[in-house]
Amino acid sequence: MELDIDALFALADAAAQEEVAAGEETIDSLEEIGSLFSNGAEMRTRPARSGKPEVVLLGNGDYHVCFGCQCSEVRMDRERQLVCDVSGHVVGKECSRGDDPSWTGRSTASANPDDASGAPAGGWIKRRDMFAASSEAWARAEASGLDGDSQYVPDAPEPPLARSSSKRGALCVDQVEMGRGDATKRPRIGAARPGAARQTDEKLEKEASDIIDTLMRDARVAVAAPAPAPADPRLQNVDFVRQLALKRYVKKCASGGASLSMDGVHDVCVWANEFVRDQRRQAADAGASASASASASASRTLSGQVRRLLGRLVVVLWNAAGQTPHMTSGRRGGDSFRPFAAGVLYQLKRGLYMSDGGCIIPCLPELSDLLPALRCPNASAAAKQLQSSSHRGICSLHKSLSSIEEMHGCLREDAKSKFSSAVNLAAMLRAVVAGST
């Protein structure tokens, strides 16, 4: 049953009158009982709190109103600090002592939090018991089947390898010279390993592509140089053209062809300025068109397909040269991939053929012209370094080919067969370059 507010207050008034009627008092209305629904100090269930409250957001999404030291959830820890159990905040410090007979009434505690500093994070830990650790180790050894009286004897260390003397003079009488074939000689690591994995070839191809970009990037800018100036560069000089025009005007006036006036001089100066402006515009347009055509020609020649074929040819030649006697059994030298790749690129000027007539590096002037020349001012420092080391790289390739002639029988044919892929790539590169030009 639903009742409205007026009905509820009417029932409350009736109940109040019945309660007072039992005490022989008459109440006409509820306003006469002021303390019945009042919320005075006698109706409070807890004492009033003072201070500024702090609202703390809890982890479960609820809120806690902390009144500091007057909070009902405050507890004192072992360091006599007042900590709120709900928020975890330190709200104060208890400085009064307990019931200690030796206490004279003087407070010895401090409310300064810095006085309690110095303890390690997580508190002090107990020191490790070495006797218990030893007992545990013995127990584990017995459980694993080892006898407690048995001792572990490590293997005898290998004697250190004798090092060769670093002296450049004569050896002492008690020193023995170590031969070239001594086992302590470090293996040679400069040449390519036989049967290189595909992943190694991909890394070498990327390195070769970077070398091609380094050598030919600046060269393409040099090829795309501006066109030469007009036949007579003096026609772009305003003073020269103005003086020449004024002389012709004076001669014309002296011969009677025109009358000398300020208007005529002004018209001559205006014409001279316009003439020089046209000459400069024509020279700039001619230079821009020549530069654009040269840059486009270089870009077509050094296309992405040409770069991939060049990089693949360098890697194939490097792997094939790594199987020759010069690379495998030669003395340790400065044979490395970067000078070798630079030497192959500069060999494009003349080409390279094997003894049986197979072309392993084609002669391509279209590509060799893009390489920086000796003492080229437009080349970068990296390009100049590669250019200076290219001679050493091409010498390594020539020596590798010469060492094949020293082989006999099937070994010689096997070494030559390693260059068959280079012959095919060279022919394909020649055809691609010829089609792009």
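The values are calculated or read from the model by the stated rules, or taken from the named source; none is laboratory data. Just so you know, these numbers come straight off a predicted model, no measurement behind them. Glycine gets a Cβ as well: all are built from the backbone with ideal geometry, and neighbour counts include every protein chain shown.
Details
- For the residues GLY59, GLY34, GLY68, the requirement of being at pLDDT below 85 and at positive phi singles out GLY68.
- Search result, residues across region 71-89 that are closer than 19 Å to VAL56 by Cα and assigned to a loop (DSSP other than H, G, I, E, B): CYS71, SER72, GLU73, ASP85, VAL86, SER87, GLY88, HIS89
- Every condition in (1) in contact (Cβ under 8 Å) with a residue 40 or more places away in the chain; (2) buried (at least 16 other Cβ atoms within 10 Å of the Cβ); (3) assigned to a helix (DSSP H, G or I); (4) in contact with a helix residue (DSSP H, G or I) (Cβ under 6 Å, 6 or more places away or on another chain) holds for ALA382 except the one numbered (2).
- Selection from region 356-395 of residues that are under 35 Å from the mean Cα position of the chain (by Cα) and among the small types (Gly, Ala, Ser): SER368, ALA373, ALA379, SER380, ALA381, ALA382, ALA383, SER388, SER389, SER390, GLY393
- Scanning region 344-369 for residues that are closer than 21 Å to LYS399 by Cβ, among the charged types (D, E, K, R) and part of a loop (DSSP other than H, G, I, E, B) gives ARG350, ASP356.
- Among residues of region 413-437 that are touching a residue at least 12 places away in the same chain (Cβ under 8 Å), those with a beta-carbon under 6 Å from a residue that is surrounded by fewer than 15 Cβ atoms within 10 Å (Cβ to Cβ) and part of a helix (DSSP H, G or I) at least six positions away or on a different chain give the pairs VAL432/GLN305; SER436/ARG300.
- Evaluated against (1) modelled with pLDDT under 80; (2) small (Gly, Ala, Ser); (3) under 14 Å from GLY393 (Cα atoms); (4) in a helix (DSSP H, G or I), GLY333 falls short on exactly one condition, (4).
- Only residues that are among the charged types (D, E, K, R) and at pLDDT 85 or above were counted across region 372-409, and they come to 2.
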